[in-house]
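Heads up: the structure comes next, in structure tokens.
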Amino acid sequence: MSNHHDTGYKELFSYPELVRQLIEGFAPPEVAAMMDFSTLTDHSGNYITPLFKEKFEDKVWSVEVDWQGARQQVFVYLLIEFQSTVDHRLPIRMLHYVACFYDHLIKTHVTTARKGMPPIFPVVLYNGSKRWTAREDIYRMIRPEPPGFMRVYQPQLRYYLVNESAFSEEELAERDTPLSGIFEVEKASKDVDALQTAVKRLAERIRAHPEKERLDEVITRWLKRHLRRLGAEAEKALEQVNSLVEDNAMLAENLQNWAEKERQKGEQIGLHRGRQEGRQEGRQENARKTAINLLKLGLLDDQQIAETTGLSLDEVKALRSDQPH
């Protein structure tokens, strides 16, 4: 994946608790309803052939489902897509990834081509700031659309998109899970004050979770990675924090200090810009006064006055029209 960074999301989704929160909180309810999350099994590995030369983060889990009165295994393929721009090839990539994974199942004797392939639920988790515009089914990429008798022969694979930026603060608050808290932190990262609030809520949600010790450890590591991406000053806020739950007071104080530094930095930048603008306005005013004096002398034409003072020709003409005749 181009513009790839170590987001820490791959480690987050190495924990079944967070995979469950993703499916229950953000996937269609009928999908979550048929899954037995106690059977979640991690199958992640290197299945992809080098057709695409980008780095990416992915996780593969299996889970048993009750469907039509039978117990069956379904694979959840989670592709974590963190890019500054939307990759419109993604439907092709997903088709390739799923095909490679099916080939892996045959090679490892999980199934055979004769027995058939298990169902798969492809999920794309997107955290970019750009609006998601890639097509979500490879069939939609085929142009022009073929006539009816040809459609059955075209490739079809649809992925389910979880677009973090599409969820409002209220929608994330309703889910009230550590994962929704992580998404809130991601969304709030451009606002220091909002980030402080989001981190506090995240710590509260971890504290209330039955697996708080496990989640506290992995989410604290993720948050350190996340703040590192925001800059060195943000990273320092978590240098001595080893637990969002246990070190909450220290974390709050460190984030407050960081927020204060950011505000002071912003004020200094604003003051510097104000001074620059003031100096620029002063230079402009002096140039206008000089131009007016030259116009009164009547020795130079408008073009010559513009070149002498640095004003534009239109500005000089406007000043001439304002002079009394």
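The values are calculated or read from the model by the stated rules, or taken from the named source; none is laboratory data. Fair warning: this is a prediction, and the values are worked out from it, not measured in the lab. Note that we place each Cβ from the backbone using ideal geometry, even for glycine, and neighbour counts take in every protein chain shown. Note: accessible area is taken over every heavy atom of the protein model, side chains too, but ligands, DNA and RNA are not part of it. Shrake-Rupley method; radii C 1.70, N 1.55, O 1.52, S 1.80 Å.
Annotations for the structure displayed:
- Note that the range 27-185 presents 54 Å² accessible area per residue, ligands and nucleic acids not counted, probe 1.4 Å.
- Between Gln68 and Ser321, the contour length at 0.36 nm per residue exceeds the Cα-Cα span by 82.4 nm.
- Of Leu227, Ala203, Ser180, farthest towards positive along the dipole that unit charges on Lys, Arg, Asp, Glu beta carbons give the range 170-233: Leu227
- Estimated inter-spin distance, Lys289 and Asn46, nm [label 7 Å along Cα→Cβ]: 7.3 nm
- Accessible area of the range 113-254 belonging to carbon and sulfur atoms, whole % at 1.4 Å probe: 47 percent
- With a simple spin-label model that places each label point 7 Å from the Cα along the Cα-to-Cβ direction, the separation between Glu211 and Glu30 comes to 2.8 nm.
- Between Ile106 and Asn163, residue separation times 0.36 nm minus the direct Cα-Cα distance comes to 17.3 nm.
- Paramagnetic reach from Glu136 (point 7 Å along Cα→Cβ, amide N under 11 Å) across the range 157-174: 158-163
- Extension reserve of the Thr308-Ala173 stretch, reckoned as 0.36 nm per residue once the Cα distance is removed: 42.3 nm
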